[in-house]
Amino acid sequence: MDAREVTLAAPFAEAEAVVRQALTSEGFGVLSEIDVAATFRAKLGVERRALTILGACNPSFAYRGLSADPSLALVLPCNVVLEDLGDGRTRVALADPRAMFALADPALSSTDPTLADEVAAALTRVTDRLGA
């Protein structure tokens, strides 16, 4: 999967707060949160470093996309993955919405050709903020 990635020189909890703020600055909210490490611990008895998947959504973008093609709901919200690298650093990866839109419906780009690029640009600004 195509993604934008950045490694933050910050412990996991601090990095998560910074990521949430960067998402908010681009109009994204977090609709869902999956604590993969806690799930593995509870279901498999396996310990691992922190790994969380945030489901980020910008309501304006989502409305435009779903109005053009309801099948886009199959790939919403946008996933943002935070992974503790164990040395005071946290990896952040954001899925490329252009790849996600192509998975949902390749014809969507002809219905609203700029939407995927606009979402990608907003998420690029998020990673740029994180990398600054």
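The numbers here are math on the coordinates, done by the rules we state, and not lab data. Note that this is a predicted model, so its numbers are computed, not measured. With ideal geometry, Cβ positions are generated from the backbone for all residues, glycine too; neighbour counts draw on all protein chains shown.
List of remarks:
- With 0.36 nm allotted per residue and the present C-alpha distance subtracted, the Asp117-Ser32 stretch has 28.3 nm of extension available.
- Of Leu74, Leu44, Leu31, the residue with the greatest mean-square motion in the GNM of the chain, using alpha carbon springs below 10 Å, is Leu44.
- Extending 7 Å from the Cα toward the beta-carbon at both Asp2 and Arg91 defines two label points whose distance is 2.0 nm.
- Structural descriptor for region 3-125: relative contact order 30 percent, calculated from alpha carbon pairs under 8 angstrom and at least 6 residues apart.
- Inter-probe distance in nm under a simple model that places probes 7 Å from Cα toward Cβ, at Ala42 and Ala13: 2.0 nm
- With only the Cα atoms considered, region 3-125 has a convex hull volume of 98 Å³ per residue.
- Overall, the chain carries a charge dipole of about 240 debye about its Cα centre when +1 sits on the Cβ of Lys and Arg and -1 on the Cβ of Asp and Glu, all other atoms neutral.
- Residue-count net charge about Ile53 - beta-carbon cut-off 13 Å; Lys, Arg +1, Asp, Glu -1: -3
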